[in-house]
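Novice: Structure below; questions to follow.
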Amino acid sequence: MRAKWVPVFVNHVFSAGMTNSQRAETRHGFFKRYVSKRNSLVDFIICFNRAISHQRHEELIVDHVDINEKPKLKLPHEMESRMAEIYTHKIFYEFQDEFWESFFYNVELVTESGSCVYKVYRINKSGCRGREIVYEKESDYATCNCKKFKSEGIPCRHLLAYFVKMGISFLPQKYILKRWTKTATYERVVDDLGIEINYFSDNSFISRRTRLFQLASNVIESAAFNDKDSKIVEDGLSDLLRRFKKDKAITSCGSINDRNSTKEQVYNEPPTVQAEECGERLKDGKEKACDPTKVKGRQCNGCGKVEHDHDKRNCPTLKNRSSVDANEDSNLLDLNNGILPQ
């Protein structure tokens with residue numbers, strides 16, 4: 001209860017659901033990841049620029065998710081699907097929780113005069129304090145005494161229960177805070193002197209996309225109130241889209257002169273050149289060393305020749321030499337015995 005004392009007295013002031021201490025702690029926690037008290041002045045500037053670049057990079061990632069991804073819906077209701085297209089993902093999920101809880105509340109009319117007072121209380125929950133919704137007929141504006149919309153900018157479950165009770169399928173524009181929409185960052189940002197703040201170069205993708213989106217948003221806002229103007233904008237955008245697709249097709253196929261030229265070009269096939277050792281399997285060093293076609297034969301220790309079919313044991317030269325030596329020995333033996341050779 002003590003934690004709710006101060007917010008009760010300041011909930012009429014818009015604070016985006018944050019307190020001053022929370023903002024300071026969040027800022028300090030962010031910069032502590034990059035900056036240290038031991039940094040010099042030069043190191044501090046480098047780390048500070050790195051932190052800002054990282055923060056902008058994270059914002060670009062969130063913008064990419066908001067544009068290209070669709071959030072999950074809980075109910076097949078037109079208001080929820082419509083707000084999924086307008087709100088960012090983070091704000092939409094907060095709105096979705098409030099919208100889901102609104103179906104558990106009942107709305108009763110208490111008084112009706114210049115302004116209507118409705119009582120909103122939770123179904124099948126005794127002892128729960130109800131909320132009051134005051135609807136001003138002249139201004140066509142409803143407020144809830146919980147003041148969630150004033151402090152956070154998101155319609156509370158009591159207002160949403162009142163809208164569902166009145167059969168309102170789409171959330172009125174006055175209850176949609178522009179800072180929570182996907183298009184909030186696409187407008188020009190100026191400083192206190194009215195000078196535009198541009199963090200990116202004029203030729204960057206972000207800068208071009210911002211200018212085009214702002215121009216298209218202004219055109220759509222101006223033409224949405226008239227059927228004739230809406231038809232003109234639709235036809236113009238359709239023509240531009242077809243033109244861009246045609247230009248992309250021409251760029252991918254070649255230039256316009258090359259495509260429209262009637263002269264046929266004949267391209268002769270180049271002669272077939274067979275690469276060296278084409279079709280052969282690659283071999284490693286060990287396999288090449290064991291290749292019998294490239295390995296030299298064993299050297300014979302008898303004759304000294306390199307052959308594949310003999311060695312010292314069956315060398316024909318040694319056999320011939322041994323036979324000649326045997327004949328000479330036999331002749332010498334015969335001479336010694338007095339036998340003359342025939």
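Novice: Among 143, 30, 100, which residue has its Cα furthest toward the positive end of the charge dipole of segment 11-157, with +1 on Lys/Arg Cβ and -1 on Asp/Glu Cβ?
Specialist: The one lying farthest along the dipole's positive direction is 30.
Novice: Still on this structure: Mind checking the full-extension length gain between residue 218 and residue 319? Use 0.36 nm per residue of separation minus the Cα-Cα distance, one decimal, nm.
Specialist: 25.2 nm
Novice: Would you mind calculating the gained length between residue 121 and residue 24 on full extension (0.36 nm times residue separation, minus the Cα-Cα distance), in nm to one decimal?
Specialist: 31.3 nm
Novice: Of all chymotrypsin sites (Phe, Trp or Tyr not before Pro) in segment 115-182, which ones are in loop regions per DSSP and have a Cβ with at most 16 other Cβ atoms within 10 Å?
Specialist: Of the chymotrypsin sites (Phe, Trp or Tyr not before Pro), the ones in loops of segment 115-182 whose Cβ has at most 16 other Cβ atoms within 10 Å are 170.
Novice: At most 16 other Cβ atoms within 10 Å and a DSSP loop assignment: could you name the GluC sites (Glu not before Pro) in segment 29-72 that fit?
Specialist: Here the GluC sites (Glu not before Pro) that fit, given the DSSP loop and packing criteria, are 69.
Novice: What FRET efficiency comes out for the pair residue 36/residue 15, r = Cβ-Cβ distance, R0 = 25 Å, nearest 0.05?
Specialist: Here the calculated transfer efficiency is 0.20.
Novice: Say each of residue 235 and residue 301 gets a label point 7 Å from the Cα, pointing the same way as Cα to Cβ; how far apart are those two points in nm?
Specialist: The modelled label-to-label distance comes out at 10.7 nm.
Novice: Between residue 242 and residue 77, what is 0.36 nm times their sequence separation minus the Cα-Cα distance? Round to one decimal in nm.
Specialist: Gain on stretching residue 242 to residue 77: 56.0 nm.
Novice: Could you line up 25, 101 from fewest to most neighbouring Cβ atoms inside 10 Å?
Specialist: 25, 101
Novice: Hey, quick one: spin label on residue 140, modelled 7 Å out along Cα-Cβ, who in segment 106-123 has an amide N within reach, i.e. under 20 Å?
Specialist: Within reach of a label on residue 140, which here means backbone N under 20 Å from a point 7 Å along Cα→Cβ, segment 106-123 contributes 113-118.
No lab work stands behind these numbers, since they all come straight from the coordinates. This is a predicted model, so every value here is computed, not measured. Because the Cβ atoms are built from the backbone with ideal geometry, glycine has one as well, and the counts that use them run over all protein chains shown.
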